[in-house]
Amino acid sequence: MDRVGLYLQDKHPIVDELEYARYAEAKGFESVWHAESRLARDAITPIAAILAVTKRIKAGTGVINTWTRNAGLVAATFLTLHEMSAGRALLGMGAWWDPLAWKVGIERKNPLKCMREFVESIRRLFKMEIVSFEGEFVKLRDVRLDIVYGDEGPKNIPIYIGATGWKMMELSGEIADGVLLNYLVSPEYNKKALEYLYMGAQKAGRKLEDIDRPQLVVCSLDDDADKAIGNARSLVTMYLGQQPHIMKASGVRESLIHEVTEALGGWPAKPGGLEKAMQLVDDEVVQLLTVSGTADDCRRKVREYVRTGCTSPLLYPLGDSVAQMIDAFSEGYM
């Protein structure tokens, strides 16, 4: 079947998420990823639980940030996940976002340099080297991962960068095993992203085909297409206000972004702000940024993302039935 994965965030109880992961595994899905975007859930605890209750499916962080855990701790955490899952853990890292980072005291200065230092130092740790690294953001002094049980050889743990901006996309092409393309972007956004990935790959003497490109995809599937679109509207509205850089990159007009931001009244939204802002977001915008509609509609839109560079859609279920969405993609999408 075509490569396809599941993306989970905070819409469903964790107990249900474990069942969805098992069901996705049974239906042939390749991977499941978990978000860490808000102060709702961390990503590591759920993927550890998912790896513990499954046997084949891979699980990754989509994504943890480079500011709140040091590089040694990140490497040790994924060494642990690697051991407990027989090598099924995937490390996804991102640069986080404001105002959340600012609210908890993080100054996101020079995120590109920070990401480069994390990827380079963690990769060396995964190779079981003794690492000394004196960077601006990463400082390691004769550090080596300590193997308690099992093989002491290098660990093949793929490192993905969750990139949205073009400079981070270029860096991903240069240094990462893969890029985790964002959700709530248009297929046209992917075409430009590939240009920057290619530029980064050229710097390192790599081919674009060397870089895995899974993509988070908001999927609101229902037999009633109008209902499916309506189910996705609130998430699209929140992102228009909270992460305008993503919306601008997808071609959403700046005047709408400004109007929605004003209606929301900040983050978190003021009372009644989300409901007011949702009235400004029409069906066309929802359909531009999401995979919403019937099963046929959803498979058709996913094919657009694949044609424009995605190697594996990671479906974030917004519909009433997660099993229905998994079933719709269990035979592939091409």
Counting only residues that are within 30 Å of Asn190 (Cβ to Cβ) and not small (Gly, Ala, Ser), how many does the stretch 138-171 have? 13
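Okay, residues lined up against (1) surrounded by 13 or more Cβ atoms within 10 Å (Cβ to Cβ); (2) over 19 Å from Trp67 (Cα atoms); (3) assigned by TED's automatic domain parsing to the domain that holds His245:
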| site | (1), (2), (3) |
| --- | --- |
| Lys109 | no, no, no |
| Arg116 | yes, no, no |
| Phe133 | yes, no, no |
| Gly150 | no, yes, no |
| Asn156 | no, yes, no |
| Ile161 | yes, no, no |
So, Trp67, is that one of a type outside the set (A, V, I, L, M), under 28 Å from Ala101 (Cα atoms) and surrounded by fewer than 23 Cβ atoms within 10 Å (Cβ to Cβ) or not? yes
Is it the case that some residue within the stretch 5-28 is within 19 Å of the chain's Cα centre (by Cα), crowded, with 19+ Cβ neighbours inside 10 Å and under 18 Å from Asn156 (Cα atoms)? no
I need the full set of residues from the stretch 7-40 which are of a type in the set (Ser, Thr, Tyr) and modelled with pLDDT of 95 or more, in order please. Tyr7, Tyr20, Tyr23, Ser31
Which residues, taken from the stretch 188-206, are at pLDDT 95 or above and either among the hydrophobic types (A, V, I, L, M, F, W, C) or within 17 Å of the chain's Cα centre (by Cα) (or both)? Asn190, Ala193, Leu194, Leu197, Met199, Ala201, Ala204
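The values are calculated or read from the model by the stated rules, or taken from the named source; none is laboratory data. What you see is a predicted model, and the numbers here were worked out from it, not measured in a lab. Neighbour counts run over all protein chains shown; Cβ positions are idealised from the backbone, glycine included.
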